[in-house]
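The structure under discussion appears below in the form of structure tokens.
The values are calculated or read from the model by the stated rules, or taken from the named source; none is laboratory data. Every value quoted in this text rests on a predicted model; they were computed, and no experiment measured them. Positions of Cβ are backbone-derived with ideal geometry, glycine not excepted, and every protein chain shown enters the neighbour counts. Ligands, DNA and RNA are excluded from the accessible area calculation, which covers all protein heavy atoms including side chains. Shrake-Rupley method; radii C 1.70, N 1.55, O 1.52, S 1.80 Å.
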Amino acid sequence: MLLRRLPSSAVSVAVTALSRRCTSPYFFFSQRRLQSFNSISFYPKLSLLSFSSTSEIPSELTDLITDKSSKRGPLKPGLYLVGTPIGNLEDITLRALRVLKSADVILSEDTRHSGKLLHYYSIKTPLLSYHKFNESQREHTVLKRLKEGEIVALISDAGMPGISDPGTELAKICVDENIPVIPIPGPSAFLTALSASGLSTDEFTFVGFLPKHAGSRKERLMTSASETPTQIFYVPPHKLSQFLEESSLIFGDSRLCVIARELTKMHEEFWRGTLGKAKEAFLTHQPKGEITLLIEGNSNCSVETPSESQLENDLRELISSGHSLSSAVKLVAEGTSMKKKMIYSLALRKFAKKNKAEDSN
């Protein structure tokens, strides 16, 4: 814990800083409770704080943090993948602060968004935009700086770079060029949601965002529906209703799910229930904020046998979206208890002649 490791002067600075802000609406404790902060044992209650993104932590405190961390020696040159808070600004690590303050440049997905974080912690390191639309243009400049021995920190708007965010390609290039890639662990939305979901954490599959193409989405959902580990998705709020409609058809209305919204923020919410109930609850209600959606794994030893018409419809959709006959059969077989040979026989009866006719034309 920060306060247990810092000298008494640091605690004094922190208390003074909190005292100056005790009237802020972002604090959930009273002046009387603030007085008890002089006791180190009060530190765990700091988790109740929620800071405004426009406020600023005293530079004296960040200087103390950096001074203490710097005793471990200077940072070596390389690419640092730095995890940043997914909502609550308190969720940054001392190591992340040290790297961000010591770096020669910080690559940021949105410089305006990241600027608030740096301003809050009095970090003056220059920012350089780095996002999915300019990754290829920035690569040469960033590699040149890294090869010259600079310390480059990469951050996303929230969470760990490269996890459904920019950073994967740059990390690959650095590995190929023998440039050190150093991860600085931090918050992650899907792990945060999983830990509090109540679903199985023994095994899980992080799917992330689904494809935009309807056929590809169905293909991915069919694969997930047959897997036993917990399935984790990122869902934009404006596409939640569509996701629930499509997933309930494939997973079944009775499959349990958890909808985690605005994690670590003031309006954090966990909705728990079945996909069928979720579909009803969010049919006309579009929630705000980032959404992590978890669906329990397939725990049934025997999967319900689909009718011939259901199989035919699934095959038709996959074939019409561009899949070959054999590829469509394989995908449908993965989501059912039926043998692949039986589904292939059905596919030949229903679609083989049609495909041959189209090929001859």
Original post:
Taking segment 308-338 as the search range and keeping residues that are surrounded by fewer than 16 Cβ atoms within 10 Å (Cβ to Cβ) and in contact (Cβ under 8 Å) with a residue 24 or more places away in the chain, which one is nearest to the chain's Cα centre (by Cα)?
Top reply: E334
**OP:** Could you list, in sequence order, all residues of segment 117-157 that are of a type in the set (D, E, K, R), within 20 Å of the chain's Cα centre (by Cα) and more than 15 Å from A171 (Cβ to Cβ)?
**Re:** D157
Original post:
buried (at least 18 other Cβ atoms within 10 Å of the Cβ), touching a residue at least 12 places away in the same chain (Cβ under 8 Å) and within 30 Å of P306 (Cα to Cα): does that describe F190?
Top reply: no
Original post:
How many residues, within segment 118-166, are part of a helix (DSSP H, G or I) and either among the aliphatic types (A, V, I, L, M) or open to solvent by less than 20 Å² (accessible area, probe 1.4 Å) (or both)?
Top reply: 5
Subject >> Residues of segment 259-284 classified as over 15 Å from P236 (Cα atoms), in a strand (DSSP E or B) and not charged (D, E, K, R), total >> reply: 4
Original post:
If you take the residues of segment 207-258 that are in a helix (DSSP H, G or I) and among the basic types (K, R), which of them is farthest from K279 (Cα to Cα)?
Top reply: R220
**OP:** Tell me, yes or no, whether segment 267-287 has at least one residue that is at pLDDT below 95 and under 15 Å from the mean Cα position of the chain (by Cα).
**Re:** no
Subject >> Checklist (1) in contact with a Lys or Arg (Cβ under 7 Å, 6 or more places away or on another chain); (2) modelled with pLDDT under 85 applied to V329, failing item >> reply: (2)
Original post:
of a type outside the set (F, W, Y), at positive phi and out of contact with any Phe, Trp or Tyr (no Cβ under 8 Å at 6 or more places or on another chain) - does that describe any residue in segment 120-143?
Top reply: yes
Subject >> I179 vs. criteria on the phi < 0 side of the Ramachandran plot, under 24 Å from the mean Cα position of the chain (by Cα) and touching a residue at least 24 places away in the same chain (Cβ under 8 Å) >> reply: no
Subject >> In segment 104-117, residue most open to solvent (accessible area, probe 1.4 Å) [restricted to those that are out of contact with any helix residue (DSSP H, G or I) (no Cβ under 6 Å at 6 or more places or on another chain) and polar (S, T, N, Q)] >> reply: T111
Original post:
Since G87 meets every condition but one in (1) touching a strand residue (DSSP E or B) at 6+ places or on another chain (Cβ under 6 Å); (2) open to solvent by 20 Å² or more (accessible area, probe 1.4 Å), which condition does it not meet?
Top reply: (1)
**OP:** Show the residue pairs that are 6+ apart or on different chains and have beta-carbon atoms under 6 Å apart, the first residue being within segment 261-289 and loosely packed, with under 15 Cβ neighbours inside 10 Å, the second being of a type in the set (S, T, Y).
**Re:** M266/S50
Subject >> Candidates F243, F209, F233 - the one that is open to solvent by 70 Å² or more (accessible area, probe 1.4 Å), over 30 Å from A103 (Cα atoms) and touching a Phe, Trp or Tyr at 6+ places or on another chain (Cβ under 8 Å) >> reply: F209
Original post:
Quick one: T292 ticks every box in (1) in contact (Cβ under 8 Å) with a residue 24 or more places away in the chain; (2) open to solvent by 40 Å² or more (accessible area, probe 1.4 Å); (3) farther than 21 Å from D314 by Cβ; (4) hydroxyl-bearing (S, T, Y) bar one, so which box is it?
Top reply: (2)
Original post:
Does segment 246-260 hold any residues that are open to solvent by less than 30 Å² (accessible area, probe 1.4 Å) and either small (G, A, S) or touching a Gly at 6+ places or on another chain (Cβ under 8 Å) (or both), and which are they?
Top reply: S247, S248, G252, C257, V258, A260
Original post:
In segment 297-307, is there at least one residue being aliphatic (A, V, I, L, M) and either modelled with pLDDT of 85 or more or in a helix (DSSP H, G or I) (or both)?
Top reply: no
